[in-house]
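A quick write-up on the structure given underneath.
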Amino acid sequence: MTTQLSCLLIGMVLPYIWAFSSLPFRTSQFGKPDLNSPRAQADQLVGAGARAVGAQANAWEALILFAAANLGALLGGVDPGGSWALAAMIWAAARVGHGTFYLMGIAPMRILAFAISAGMSFWILAMGLMQA
């Protein structure tokens with residue numbers, strides 16, 4: 001179960017990494033980050049800054065799906081070793097790649113990383129459903 005929890009921790013940290021990565025873009029575009037209305041300022045970002053905000057939002061969404069899938073596998077009694085651990089590690093690597101490709105503006109690779117991570121979440125959930 002340690003592998004799954006480690007991957008969950010990675011998934012929990014990533015949205016914050018992508019959020020902080022938008023700060024240099026906010027500074028260069030607006031002069032400084034707007035701490036009173038950060039979401040309104042985020043809506044005005046363009047280029048890599050806007051992509052950083054998008055990466056953050058998508059990271060939260062992916063984390064919800066991954067957490068639910070892991071809960072399903074846990075409740076289904078899936079053995080934490082083997083395929084479940086492998087799927088969790090692939091998910092974590094794909095999520096790191098997704099955010100990186102998002103910031104770099106490499107859409108085909110970002111989409112591929114998204115598809116892989118979503119596939120891993122659905123695979124983990126399917127393991128729980130088949131085991132139950």
>> Using the Karplus curve 6.51 cos²θ - 1.76 cosθ + 1.60 with θ = phi - 60°, what ³J(HN,Hα) values do you get for each residue of segment 47-59, in whole Hz, with x for Gly and Pro?
In response: x, 4, x, 5, 5, 4, 5, x, 5, 5, 4, 5, 5
>> Give me P(r) over segment 1-55, computed from all C-alpha to C-alpha distances, binned every 5 Å, as integer percentages.
In response: 5, 20, 26, 18, 10, 9, 7, 5, 1, 0
>> Can you work out the Karplus-derived ³J(HN,Hα) for every residue in segment 99-112? Use 6.51 cos²θ - 1.76 cosθ + 1.60 with θ = phi - 60°, whole Hz, and x for glycine or proline.
In response: x, 5, 5, 4, 5, 7, x, 9, 4, x, 6, 4, 5, 4
>> Please compute the modelled spin-label separation between Leu35 and Met130, points set 7 Å along Cα→Cβ, answer in nm with one decimal.
In response: 5.1 nm
> Taking the simple approach of a point 7 Å from Cα along Cα-to-Cβ for both Ala68 and Ala50, what is their distance in nm?
Replying inline: 2.9 nm
> Simple spin-label model, 7 Å along Cα-to-Cβ: Ile111 to Ala93 in nm?
Replying inline: 2.3 nm
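Every number here is computed from the coordinates shown, using simple stated rules; none is lab data. Computed from a predicted model, the values in this text were never measured in an experiment. No Cβ is skipped: glycine too gets one built from the backbone with ideal geometry, and neighbour counts run over all protein chains shown.
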